[in-house]
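A.B. asks: Pasting a structure here, questions to come.
The values are calculated or read from the model by the stated rules, or taken from the named source; none is laboratory data. Given the structure is predicted, the values throughout are model-derived calculations rather than measurements. In this analysis, Cβ positions are derived from the backbone assuming ideal geometry, glycine residues included, and neighbour counts consider all displayed protein chains.
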Amino acid sequence: MAIQCSGTVGEGGGTDSREARSAPSVSDLSPPARLVPLLALACGSSVATVYFSQPLLVTLGERFALGSGLLGAIVAVTQLGYAVGLLTLVPLGDLFGHRRLITGQLGLLALALLAAGLAPGVWALLGALAVVGLLAVVAQTMVAAAAALSPSGRRGRAVGTVTGGIVTGILLARTAAGLLADLAGWRAVYLASAGVTAVLALLLRRALPLGTTSAGVREVPYGRLVASTVTLFARHPLLRARGALALLVFAAFSTLWSGVAQPLSEPPWSLSHTAIGAFGLAGAAGAVAAGAAGRWNDRGLAQRTTGVGLVLLTLSWLPIALTRQSLWALAVGAVLLDFAVQAVHVTNQTLIHAVRPDAGSRIIGGYMVFYSAGSSLGALGSALAYATAGWPAVTALGASFSLAALLLWMTTCRRGVPGGASAAERPDPADQADPRNG
């Protein structure tokens, strides 16, 4: 069906009246003042567990005798676990109350991190990291919870705040992992994270409301609930378009951050874990972008935000290509790249949630499968490219992903494929009431 590329969040869902009929009653009320910041903190801590290995790849490769071409497997196995969790665990947010699900997953994540920190061999480590990735999807459950617990007029800001926490967690993951590894070894990174995760689980158990589920969802079998995620993406062009953008954007993101440890640890730089991890702070603009993009989306500027973000993402690879000549060039490129990625990411999540607010967990979970697939692709591609032709090949790969995302967005706009949904895209209330229809 033809959908106008209007770029407004109002057109992306326009569901104020429908939301009142179909979403949980808690969404009609503003969440407690401390809840959204606490969710942002917990999201950042959870998603950081997926990125701890990036500044440690060279050390882990030496410790477990992995060649440079196989280092990407350490990142990829975590991302693959994340993808499985997105399809199997995140949809549970539409079936169970937020407090029960979020705190339970955080507790299990703490145990998985403990296992990673104590892993005696490479297979035990890879298995533990796969489970860490599986359970780290609790971050997306918390994004869906923040959206569901916020009124429609402030949803973009809530999603932006929580996503800003995720961005900060990703950035601090590299810095903290590098610092702890230099001070106490790589195992301390995962053991410390296990303790922090357990504490956050207890805090959120006290802060989260019991919550309710959407009408009719509680009675749907789990298998049908998971299958309905696929149905949702099959029925709504907006979800497919934004998912494809996420795959390409995060492939570019992972190409940089999964590959940059190798040139930085070699001459002429030969940086320590701490210094390599600190480069993640160069992308702190990403946290700023997340909050700003949420406000822009609330003002109806979704398409403009997407376009500017994708142009900046493509241009960011010009200074990144000069990494071996200048660390300042890498820093500038990282700022542009992280700003662009998070601006597009927040825009995507705000738009897709508006399509079916009653199915927010399933939609965000399905969308993040594209994110995880892109991250795995970037990690594996970056490792193979570096082993084959060095840093120039890595930058060419990242620039290709970025340019493909820009061209895809331009093509979908030209063809009238969604950036925001028209009235034809909005589901009927009867369709919302039955999750078996997707």
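A.B. asks: Given the conditions (1) closer than 19 Å to Ser376 by Cβ; (2) over 20 Å from the mean Cα position of the chain (by Cα); (3) part of a helix (DSSP H, G or I), and given that Leu66 satisfies all but one, which numbered condition is not satisfied?
C.D. replies: Result: Leu66 passes all but (3).
A.B. asks: Name the single residue, out of those in the stretch 113-127 being in a helix (DSSP H, G or I) and either in contact with a Gly (Cβ under 6 Å, 6 or more places away or on another chain) or touching a residue at least 40 places away in the same chain (Cβ under 8 Å) (or both), that is farthest from Ala147 (Cα to Cα).
C.D. replies: Val122
A.B. asks: Here's another thing I want to ask about it. For the stretch 335-358, enumerate the residues that are closer than 19 Å to Ser382 by Cα and out of contact with any Leu (no Cβ under 7 Å at 6 or more places or on another chain).
C.D. replies: Asp338 - this is the single residue of the stretch 335-358 that is closer than 19 Å to Ser382 by Cα and out of contact with any Leu (no Cβ under 7 Å at 6 or more places or on another chain).
A.B. asks: Follow-up. What's the total number of residues in the stretch 85-110 that are at pLDDT below 90 and surrounded by fewer than 17 Cβ atoms within 10 Å (Cβ to Cβ)?
C.D. replies: 2
A.B. asks: For the stretch 139-157, indicate whether the set of residues that are out of contact with any Pro (no Cβ under 9 Å at 6 or more places or on another chain), part of a loop (DSSP other than H, G, I, E, B) and modelled with pLDDT under 85 is non-empty.
C.D. replies: Yes; the residues of the stretch 139-157 include at least one that is out of contact with any Pro (no Cβ under 9 Å at 6 or more places or on another chain), part of a loop (DSSP other than H, G, I, E, B) and modelled with pLDDT under 85.
A.B. asks: Answer yes or no: is there a residue in the stretch 398-408 that is over 28 Å from Thr161 (Cβ atoms) and at pLDDT below 90.
C.D. replies: no
A.B. asks: So, Val311, is that one at pLDDT 90 or above and either closer than 20 Å to Tyr51 by Cα or among the β-branched types (Val, Ile, Thr) (or both) or not?
C.D. replies: yes
A.B. asks: Here is a further query. Would you call Val369 at pLDDT below 80 and aliphatic (A, V, I, L, M)?
C.D. replies: No; evaluated as a whole, the condition is false for this residue.
A.B. asks: While we're here: How about the stretch 69-95: which of its residues are outside any helix (DSSP H, G or I) and farther than 30 Å from Pro221 by Cα?
C.D. replies: Within the stretch 69-95, Leu71 is the sole residue that qualifies.
A.B. asks: Would you say Thr323 is surrounded by fewer than 22 Cβ atoms within 10 Å (Cβ to Cβ), more than 28 Å from His98 (Cα to Cα) and among the β-branched types (Val, Ile, Thr)?
C.D. replies: Judged against the criteria, Thr323 is not a match.
A.B. asks: When you scan the stretch 383-398, how many residues do you find that are small (Gly, Ala, Ser), in contact (Cβ under 8 Å) with a residue 12 or more places away in the chain and within 16 Å of Gly333 (Cβ to Cβ)?
C.D. replies: 1
A.B. asks: Next question, about the same structure. Taking the criterion of being basic (Lys, Arg), closer than 24 Å to Arg157 by Cβ and not in a helix (DSSP H, G or I), would at least one residue in the stretch 353-376 satisfy it?
C.D. replies: Checking the stretch 353-376: at least one residue is basic (Lys, Arg), closer than 24 Å to Arg157 by Cβ and not in a helix (DSSP H, G or I).
A.B. asks: Ala334 is checked against (1) buried (at least 24 other Cβ atoms within 10 Å of the Cβ); (2) over 18 Å from the mean Cα position of the chain (by Cα); (3) modelled with pLDDT under 90 and fails just one. What number does that condition carry?
C.D. replies: The failed condition is (2).
A.B. asks: Output the residues belonging to the stretch 113-136 that are within 21 Å of the chain's Cα centre (by Cα) and crowded, with 24+ Cβ neighbours inside 10 Å.
C.D. replies: Residues satisfying the conditions are Leu113, Leu129, Val132, Gly133, Leu135, Ala136.
A.B. asks: Looking only at the stretch 163-212, filter to residues that are more than 25 Å from Val122 (Cβ to Cβ) and among the β-branched types (Val, Ile, Thr); which one of those is surrounded by the fewest Cβ atoms within 10 Å (Cβ to Cβ)?
C.D. replies: Among those residues, the one meeting the criterion is Val199.
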